[in-house]
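Chemist: Have a look at this one.
The values are calculated or read from the model by the stated rules, or taken from the named source; none is laboratory data. None of the values given here were measured: they were computed from a predicted structure. When we count neighbours, we look across all protein chains shown, and the Cβ atoms used for this are built from the backbone with ideal geometry, even at glycine. Heads up: the accessible areas ignore ligands, DNA and RNA and are worked out on the full protein's heavy atoms, side chains in. Shrake-Rupley method; radii C 1.70, N 1.55, O 1.52, S 1.80 Å.
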Amino acid sequence: GNTARHLHELLGDELVPNRRFPPVSQLTRARASQLRKTMTQAERILWSVLSGRKGGGLKFRRQHAIEPYLVDFSCAEAKLVVEIDGESHDGRQDDDRRRDEYLEKLGLRVMRFTNGDVLENLDGVAEAILREAGGFRPHS
């Protein structure tokens with residue numbers, strides 16, 4: 001509410017004490033819920049690999065709200081965000097760069113893959129994500 005907004009004004013881009021991320025608005029929560037229902041094919045396929053702690057025992061969330069953004073996938077314990085860029089991202093490189101910079105200021109690492117990466121090389125994408133997250137366990 002007003003306290004968080006006041007602290008944000010005082011601290012600028014610094015995080016509000018005792019709060020990991022800015023509070024999430026009801027509108028952003030509603031958008032996240034809608035996006036979970038309308039995930040792209042690539043997002044659904046990658047989610048099938050990351051969900052239920054199948055990703056190296058790490059907990060991933062999908063269409064996770066980090067105000068003012070919604071990220072495709074996130075893993076809080078690894079401080080990792082994974083974005084799957086489809087055709088809707090064509091021409092949006094500047095927006096994506098600003099978004100990545102904002103997330104990195106919050107202490108998050110951002111990985112980006114294209115729909116094609118996921119659809120054509122799911123194993124490689126999953127391995128790269130889990131390696132970055134610290135949860136990769138090679139098959140023995």
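Chemist: List every residue pair whose Cβ atoms sit under 7 Å apart, with the two residues 6 or more apart in sequence or on different chains, where the first one lies in region 39-59 and is of a type in the set (D, E, K, R) and the second, anywhere, is exposed (fewer than 14 other Cβ atoms within 10 Å of the Cβ) and assigned to a helix (DSSP H, G or I).
Modeler: Lys59/Arg53
Chemist: Just for region 116-133: of the residues that are over 18 Å from Phe60 (Cβ atoms) and assigned to a helix (DSSP H, G or I), which one is least open to solvent (accessible area, probe 1.4 Å)?
Modeler: Only one residue fits best here, namely Gly116.
Chemist: Being open to solvent by less than 40 Å² (accessible area, probe 1.4 Å) and under 11 Å from Glu83 (Cα atoms) is the filter here; which residues of region 100-114 pass it?
Modeler: Correct list: Asp100, Val110, Met111, Phe113.
Chemist: So Tyr69 fits all but one of (1) open to solvent by 40 Å² or more (accessible area, probe 1.4 Å); (2) touching a residue at least 12 places away in the same chain (Cβ under 8 Å); (3) farther than 21 Å from Arg31 by Cα; (4) under 14 Å from the mean Cα position of the chain (by Cα); what number is the exception?
Modeler: (3)
Chemist: Right, another one. Need the failing condition index for His89 against (1) modelled with pLDDT under 90; (2) under 26 Å from Glu127 (Cα atoms); (3) open to solvent by less than 70 Å² (accessible area, probe 1.4 Å); (4) under 14 Å from the mean Cα position of the chain (by Cα), just the number.
Modeler: The failed condition is (4).
Chemist: Output the residue which, of all residues in region 18-38 that are of a type in the set (A, V, I, L, M, F, W, C) and either within 14 Å of the chain's Cα centre (by Cα) or not in a loop (DSSP other than H, G, I, E, B) (or both), is modelled with the highest pLDDT.
Modeler: Leu27
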